[in-house]
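This report refers to the structure that appears directly beneath it.
The values are calculated or read from the model by the stated rules, or taken from the named source; none is laboratory data. Owing to the predicted nature of the structure, the values given are computational and were not obtained by experimental measurement. Don't worry about glycine lacking a Cβ; one is built from the backbone with ideal geometry, like all the others, and counts go over all protein chains shown. Remember, those area values only see protein heavy atoms, side chains included, never the ligands or the DNA or RNA. Shrake-Rupley method; radii C 1.70, N 1.55, O 1.52, S 1.80 Å.
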Amino acid sequence: MLVAASWRNTSGFPASNTNWLTGTAFVGEGQIVASPDLGVFILPKITDNAYTAVSRVSLAGSVTFDPTNNFAALPGAEKKFGAAYDAGSGQFFVLSNPVLPADANSGIAYNMIRNTAAVLTSRDLLHWKVERIFIYSPDASHDGFGYLNFDFDGSDMVVAARTAFKIQA
C-alpha cells in the first residue's frame, strides 16, 4: 500500500452536472459498499439533497453513474453517512442523520442538522427504508451525532459517532 508504483489512476468519479437534481454538486465523503450479487459501488453524499448517486465500480476500476436512473432518495444523505453490506441479512445498511419534520423549519441548513441518527436498509441501493431512529435530541442547534459509522459484531452493530450535546450543570 505504501509503494507508489502499486497504485494506478482510473477514470475516477463522473463530473457532476448542475442540471442534476436542481443544481446538484457532488462532495467528498463517499462510502464504498460491495455485495456478491451487485458488485462494488460508491455512495457519495450530495450537497443540499437527501440523495446519493449510486455509482458502479468496474473490475478495471472505472466508475459509472447514470443520472437518469441512479439517484436514490436517502434520508440524511446530504451529510456524511456510514454504509456497509451485511452478508447475514443480504441487505445494505446506512447510518445517517435524516431531517425530521420537527426540525425542517428550524432555519438551520439541512446539511448541518445532525440531531437525529437512524438505521436504514436496502436490498438494491436504490430504495431505502428507515428501520429505526436510535437517538434523537430536540435541540437541533446544539446537539448532534455526526459522521456516523459502524461495524457488525455478530448480531450486534457497533456504532461510532462524533457527538455534541449540552451538559446541564
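When you go through (1) touching an Asp or Glu at 6+ places or on another chain (Cβ under 7 Å); (2) open to solvent by 70 Å² or more (accessible area, probe 1.4 Å); (3) closer than 22 Å to GLU29 by Cβ; (4) in contact (Cβ under 8 Å) with a residue 24 or more places away in the chain one by one for PHE152, which number turns out not to apply?
Answer for PHE152: the failing condition is (2).
Quick test of your reading of the structure: SER141 fulfils all but one of (1) at pLDDT 95 or above; (2) of a type outside the set (Asp, Glu); (3) out of contact with any Leu (no Cβ under 6 Å at 6 or more places or on another chain). Name the failing condition by number.
Evaluating SER141 over (1) at pLDDT 95 or above; (2) of a type outside the set (Asp, Glu); (3) out of contact with any Leu (no Cβ under 6 Å at 6 or more places or on another chain) leaves (1) as the failure.
Just name the residue that is nearest to the chain's Cα centre (by Cα) out of those in segment 53-81 that are assigned to a loop (DSSP other than H, G, I, E, B) and among the polar types (S, T, N, Q).
ASN70
If the requirement is being touching a Gly at 6+ places or on another chain (Cβ under 9 Å) and β-branched (Val, Ile, Thr), which of these qualifies: THR52, THR68, THR64? Explain how you work it out, then say what you get.
On the way: THR68 fails: touching a Gly at 6+ places or on another chain (Cβ under 9 Å); THR64 fails: touching a Gly at 6+ places or on another chain (Cβ under 9 Å).
On inspection, the qualifying residue turns out to be THR52.
Does segment 135-148 hold any residues that are open to solvent by 60 Å² or more (accessible area, probe 1.4 Å) and part of a strand (DSSP E or B), and which are they?
Matches in segment 135-148: ILE135, TYR136, TYR147.
Residues that are farther than 30 Å from ARG8 by Cα and in contact with a Gly (Cβ under 7 Å, 6 or more places away or on another chain): does segment 73-95 have at least one?
The answer is yes, given that some residue of segment 73-95 is farther than 30 Å from ARG8 by Cα and in contact with a Gly (Cβ under 7 Å, 6 or more places away or on another chain).
Looking only at segment 82-92, how many residues end up being in a strand (DSSP E or B) and open to solvent by 30 Å² or more (accessible area, probe 1.4 Å)?
Qualifying residue count, segment 82-92: 3.
If I filter segment 15-26 for residues that are modelled with pLDDT of 85 or more, open to solvent by less than 30 Å² (accessible area, probe 1.4 Å), of a type outside the set (Phe, Trp, Tyr) and not in a strand (DSSP E or B), do I get at least one hit?
No, that holds for no residue.
Keeping to segment 35-51, report how many residues are open to solvent by less than 20 Å² (accessible area, probe 1.4 Å) and either touching a residue at least 60 places away in the same chain (Cβ under 8 Å) or over 20 Å from LYS79 (Cβ atoms) (or both).
Residues flagged as open to solvent by less than 20 Å² (accessible area, probe 1.4 Å) and either touching a residue at least 60 places away in the same chain (Cβ under 8 Å) or over 20 Å from LYS79 (Cβ atoms) (or both) within segment 35-51 amount to 3.
Please go through segment 25-52 and give me each residue that is among the charged types (D, E, K, R) and more than 10 Å from the chain's Cα centre (by Cα), ordered by number.
Of the residues in segment 25-52, the ones among the charged types (D, E, K, R) are 29, 37, 45, 48.
Residues satisfying the conditions are ASP37, ASP48.
So, in segment 105-134, how many residues would count as being modelled with pLDDT under 95 and either open to solvent by less than 70 Å² (accessible area, probe 1.4 Å) or part of a strand (DSSP E or B) (or both)?
3
Looking at ALA60 and the list (1) loosely packed, with under 15 Cβ neighbours inside 10 Å; (2) hydrophobic (A, V, I, L, M, F, W, C); (3) closer than 30 Å to ILE135 by Cα, which single condition is not satisfied?
Answer for ALA60: the failing condition is (3).
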